[in-house]
1. Show me 703-711, 73-81 ranked by packing, highest mean number of other Cβ atoms within 10 Å first.
2. If the limit is 28 Å between Cα atoms, which of 338/366; 319/416; 523/578; 578/607 go over it?
3. Taking the Cα atoms of the range 426-580, what is the range of coordinates along each of the three principal axes, in descending order and whole Å?
4. Stretched out fully, how many nm does the piece from residue 252 to residue 715 gain, at 0.36 nm a residue minus the Cα gap?
5. Using a Förster distance of 30 angstrom, determine the FRET efficiency expected from the C-beta separation of residue 237 and residue 585, and round it to 0.05.
6. Set the Förster distance to 22 Å, then compute FRET efficiency between residue 294 and residue 317 from the Cβ-Cβ distance, nearest 0.05.
7. What is the sum of charges, Lys and Arg at +1 and Asp and Glu at -1, for the other residues whose Cβ falls under 15 Å from the Cβ of residue 266?
8. Rg and Dmax in Å for the range 317-447, alpha carbons only: what are they?
Amino acid sequence: MSCLCFKSSRIQAEESHHLSQSTCVKDLEEARRKISELEEALQKVRSAHDQTSTCTSEGLYLDGQSLADQSWSLPDDVRSKLNELLNLSIDPGRSKELENELLVMLGIQVGVCKQEEKLQGQDYERRVAREWEISRKINSLGELDLLRAVAECIPGGNSKYPLAWLEGMRQEDLSAFCQTTIANRLSEVLRRIQACHSQEAGGHPSEGNTKYCLNEQDANWCKGTKQGVYGKIEEFYGGLVDRIGLPQMQLMKGMEDEHCRGEDSSVPFTTSNYTINTTPEEQWKAVTDPETRRFLSDNGRVIRDVQELKNHPTAIKAKLAEAEIIALQLYTGPMYFKYNQVLRAPTEASNKYTTTIHCIVSGLVKLSHHTSLKEGRRVWRGLKGLTLPESFLKEDELGVSGGVEYGLLSTTSDVKTAIQYSGEGGERIVLEMSCGAVDRGASLKFLSQYPGEEEILYPPMSYLEVLKQPQYMGVGGDRVKVLQLKINSNVMSLTIEDFVGKRKQLHVALMENIAREVERDLKEFGPRIQERLKTAVADSFYKSHEKLMKSIIDECWQMVQESRAQKAEWYNDEKRYKEAIENSNIMKEMAMNKIRHWIEDTQGDLKCEALVGEPMKSSYWKTMADLKYKINNLPKEGKQRQEMSQRICQMYGLSVSHEQSEPLTVLAVVRGQSELIPLIKASGCDMNVSLGDGRTGLHVAAMLGMEGSVKELLMAGIEVTAKDKKGKTCAYWACEYGHLEVLKCLEYHCSPEVLSLLVRARTDDGRTCAHAASEGGHLEILEYLKETFGEDVLRESRNDGGTCAHAASQEGRLQVLNYLKETCGDEILRVKKNNGGSCAHSACHGGHLEVLRYLKETCG
């Protein structure tokens, strides 16, 4: 029984084992089948992915053709430029110009395709078209921020490895992720592409704001295209002064002169935008004359009263001066056209409007501090009628691209306004300029003649830096190319206060430097002071030398303080400024002289104490008096006399050196310091040194009629018969300017033979002293010459045959003609020149009708 039970149990166990094994086999087979199905599905995905990749690669990129060739056909003007570019016979300069034009038109470097792939004909054209298509699509997709959409779909990662989740994925999982999550998210974003189109910008530009177009020169809506001219970065640092010079210090007078008395003041001009035919003088009156202002204020033009503008909160806050308000107001009208013409081509301008432009810039600097940054920190400007130069389109060796805008740069905070001036009949281009706290420009709305404008104005010589390749933005159904720039407002721009105070600032700084030099140089007198104190026991005991040095330093700084206390306007008066310069030039000399005077010119004790309270100038005069006394009591020859003479000349501001720019004799004459001439001779200077034109001190003294200087020079032994480079003697110069007293001085100090030689000497063109006197109308000179040398000196002829009568007729000297007739007879009036010209011809040439009448009555 037990055996049967055991057997039965074993049989059941075996059956159960076979059943379990069969089930496992079935499960395994089912699993293998499912795996096989998954592998087949995965293979299909891979195949589809590979086919898509192959299609994308081969169909879109490898053959260089678009799936929509007709939609991306190049414009005719582009094709024309490409064909010209492929012509190998064109010069390199033209090739670069074409590449730059195509870069702006298409936004791609067409030269790269040509150089790298060496394509020709239609292949090159298709390649360019394909690159253009891709570039436009990349720019358009950039507006959708596709990278952000993808980033939002990627989970996990950390700050160190933000894409760790992707890096850990298998290839098949990554493919599935791309086909599901990423694809769905991109689909959502791409469906919003229509939202990128903005409303149509508007119709024809309104009157009054075409200054937002870079091409301001053409009055016919900027017709035609030309290349913009921009400066190098070095000119940015040179600033406005290097461009147009310094303004007048009398601002209102300077601006009025520029508009009302300039060469172009009454010359009509028509602007490229306002279409107003006007003149600079009329525009000046438009802002300064109430009646003219009322007459011209119409059709959207509002010219506000200057006094009203001065009381405007913005003007008060910015501390605008009247000259700045007027200049800015002028700019907002037609005159902007003139000012920018000057700034862009100053060498071609007959009237540079220098003071006005400086006042505009000064006002801009002040207003910019009170102009709020615009939304998005961007301003705009159209590029109608201009192509950009290579410096804007390619980086230089330092990686910079851009240029200096020479003119005042009008921009607008309204992109639609700029788009109106972005071009017509082709691709439209605007400049988008980013600005910041420093480079923000100035709003002119409160004083603009066209208050509807949203104008933000930047000073001239600002730098425009290209930030990236052109982008595109939607405008209605069209696309507008946007060149993104960074504007750097010129840091060298100065306010009027800076200019007005410049002289004072420089002078005070100079005086401070001299005072510091005095402090330093006084210390070098230490050894000499100690030597002098050996004979001045009381001065040493009371430390008078220290008091003396302190008094010198204190007086120098007192002079600095006096200079600082003067108003800036004081320095802009030429006579006063000359006085200030003379004070600065002599301050150190007076300071050093005071200590030297005690050491060198005094003897015994308590002399230092006596000098402490004495002004430096008084000590200076004492030294000069002592030197003159000593020189007069020294032998005429000797080194000591020479050294003392040099020192006193130096104290008078006449430096005795070989590097002197002008002869000391000439300087002494023009300064009226004839008493220094003997000292100049005693100092060892050559008395006959001349200026560049050959004139010596004697020629200059004779010309100026300085009889005392002539006398001193003659006594000092100057060469009396010397001629300048035109052959003129000192006597000729005296006769030309009517100085009879000089002729008499020459007569007194020279022999009759020398005087006759001087009077009869001829210039290079054969003129004598009589001709010079006749031409100048100096009747008393002619009378002296006739009485001293005889009538024949009046009959002398020049190289061209002309007589004294011809010279008098040419200059309209009727009294001289009458004297010559009475002295020499009618025949002198009938003499003809070598070319047959009569006195009547000379009178006609000079435009003297009264002389012609006299000659007709006298000679028939």
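1. 703-711, 73-81
2. Those over the limit are 319/416; 523/578; 578/607.
3. Principal axes ranked by extent give 102, 36, 23 Å for the Cα atoms.
4. The span from residue 252 to residue 715 would gain 161.5 nm if fully extended.
5. 0.45
6. 0.20
7. My count for the surroundings of residue 266 gives -4.
8. 16.2, 46
No value in this document is a laboratory result; all are computed from the given coordinates. Not measured: the values here are computed from a predicted model. Backbone-built Cβ (ideal geometry, glycine too); neighbour counts: all protein chains shown.
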